[in-house]
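Have a look at the structure below before the remarks.
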Amino acid sequence: MNRWWRASVILSRALCGPRGKPLCARIHEARPSAWRTAAMLTLDMVFGEPDHCAKIHRRWKALTD
């Protein structure tokens, strides 16, 4: 687990409770809305990869299955 993943899980737990899902995965699962779109576009730019939240969600699902 790298530092970004760990930071995402800690932030997710602080904002959403004890379930250990990364924040990017939570954003990917959220209902479509303006804030979700803005967050996803921002995270794509910050991490320099298209569809960042979906990729994190797939990785998280693979780890928990």
Residue that is of a type in the set (A, V, I, L, M, F, W, C), at pLDDT 90 or above and assigned to a helix (DSSP H, G or I), where the choices are ALA38, ALA14
ALA38
CYS53 vs (1) surrounded by fewer than 18 Cβ atoms within 10 Å (Cβ to Cβ); (2) on the phi < 0 side of the Ramachandran plot; (3) not aliphatic (A, V, I, L, M): all pass except (1)
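Would you check if VAL46 is part of a helix (DSSP H, G or I), in contact with a Gly (Cβ under 6 Å, 6 or more places away or on another chain) and either polar (S, T, N, Q) or free of Cβ contacts under 8 Å to residues at least 24 places away in the same chain (or both)?
Numbers: part of a helix (DSSP H, G or I): yes; in contact with a Gly (Cβ under 6 Å, 6 or more places away or on another chain): no; either polar (S, T, N, Q) or free of Cβ contacts under 8 Å to residues at least 24 places away in the same chain (or both): yes.
Criteria not met by VAL46.
The values are calculated or read from the model by the stated rules, or taken from the named source; none is laboratory data. Since this is a predicted model, take the numbers as computed values, not measurements. Quick reminder, even Gly has a Cβ in these numbers, built from the backbone with ideal geometry, and neighbours come from all protein chains shown.
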